[in-house]
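A.B. asks: If you scroll down you'll find the structure; I have some questions about it.
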Amino acid sequence: TWMHVEGAVIVHATAKTIEGPYTFHDVALPQQSINPHIVRANDGTWLLAHCRKQVQGIPQCTGNYSDSFDFAAASKPAHPRAPRQRPFDPSNCGKSDSMFTIAYSKDLNGPWQFHDASVNTTAALPNPNPTLLIMPNATDVFLGFSYPYDNERISIATAPSWDSNVYTLVGEMLLFNQQGEDPFLWHSQRGFHIVFHRFDDGVNVGGYAVSLDAKTWLATPHGVYNTTVSWGDRGSTQFMRRERPEMLFNPDGSIFALLTGCELYEQDGHSSLSILAPVRQP
């Protein structure tokens, strides 16, 4: 997960079950690090793809973070309009473009090292929101990312291993004619799939596309989910934003749930939540 506290860090939280409750464990990656996606390589290495402010591979912000910082208090100010606390001094943060980075470690507790990679395109990737797909029993690694073109679009690249320096585009840069970001990529017996944050009317925000070969894609013309979350017999909530979709899977590979980041309207205090929603299987 990640959180804004006048700058963003990626935090490590733990729970006994996937439904939680979660307890803050540590700061996995320092400010400025955003939009994480974690997978495990075939050799057991944990890979944390994310966007990171950096210069020549060196994290920009050292800040004044300490283990005693109260993240619970920082994320819940006394009043919705009250400023949040800062675990880092923003003056320590340099100015540079966000880059596609993989943090890697043999242990979820770290320490994390960094690997920077590029895509063989001349297009700028200021905020790629990367996702990784590790093919089982194979060396192929697929990278899903978003890039600025007519707002934002989704594309895919591949490499023979996750620590390759250059990822090669799969097919055309423009996969399908829909604006979107935050892709999550997976593979099943039916082929390749992408769920993403869809730009349209701001309500039907769940984008979905499917492909047999990762080159030719068919995207649904409508949202597969919207900004309203149903609580069953307890009513529902319409959120201002619902994005950063990720699919969670059962041990047999079937889909267990959809995880999204949701934000309430301004009058409700800009509260942000991670919502775990069950998915109906066909």
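The values are calculated or read from the model by the stated rules, or taken from the named source; none is laboratory data. Predicted model only: the values in this text are computed from it and were never measured. Virtual Cβ from ideal backbone geometry, glycine too; neighbours counted across all protein chains shown. Ligands, DNA and RNA are excluded from the accessible area calculation, which covers all protein heavy atoms including side chains. Shrake-Rupley method; radii C 1.70, N 1.55, O 1.52, S 1.80 Å.
A.B. asks: With each pseudo-label sitting 7 Å past Cα toward Cβ, what's the D233-L212 distance in nm, one decimal?
C.D. replies: Result for the modelled spin labels: 4.7 nm.
A.B. asks: Please calculate how many Å² of accessible area the range 111-208 carries per residue, with a 1.4 Å probe and no DNA, RNA or ligand atoms counted.
C.D. replies: Accessible surface, normalised per residue, equals 44 Å².
A.B. asks: Same structure again: On full extension of the chain, what length is gained from N177 through D140, given 0.36 nm per residue of separation minus the C-alpha to C-alpha distance?
C.D. replies: Result for the pair: 10.7 nm of gain on full extension.
A.B. asks: Quote to one decimal, in nm, the extra length available between T168 and I255 on full extension: 0.36 nm per residue of separation minus the C-alpha distance between them.
C.D. replies: Net length gain for the segment: 28.5 nm.
A.B. asks: Contact order normalised by length for the range 122-211, with contacts defined as Cα pairs under 8 Å and 6 or more residues apart; what percent is it?
C.D. replies: Relative contact order of the range 122-211: 21 percent.
A.B. asks: Please work out how much length the chain gains when fully extended from Y265 to V224, using 0.36 nm per residue of separation minus the C-alpha to C-alpha distance, in nm with one decimal.
C.D. replies: In short, 12.6 nm is gained.
A.B. asks: At 1.4 Å probe size, what's the solvent-accessible area of E172? Round to the nearest 10 Å².
C.D. replies: Counting only protein heavy atoms, the figure is 130 Å².
A.B. asks: Based on the alpha-carbon gyration tensor of the range 123-203, what equivalent-ellipsoid semi-axes (square roots of 5 times the eigenvalues) come out, in whole Å, largest first?
C.D. replies: One finds semi-axes of 22, 15, 10 Å for the range 123-203.
A.B. asks: So, one more: Given Cβ point charges of +1 (Lys, Arg) and -1 (Asp, Glu) and nothing else, what value in debye, to the nearest 20, does the dipole of the range 188-282 about its Cα centre take?
C.D. replies: In total the dipole reaches around 240 debye.
A.B. asks: At R0 = 25 Å, how high is the FRET efficiency between A15 and Q281 if r is their beta carbon distance? Nearest 0.05 is fine.
C.D. replies: It comes to 0.55.
A.B. asks: Under a 5 Å amide H to amide H cut-off, with H placed in plane at 1.01 Å, what residues pair with G180 once short-range neighbours are removed?
C.D. replies: Result for G180 returns E152, R153, I154, F199.
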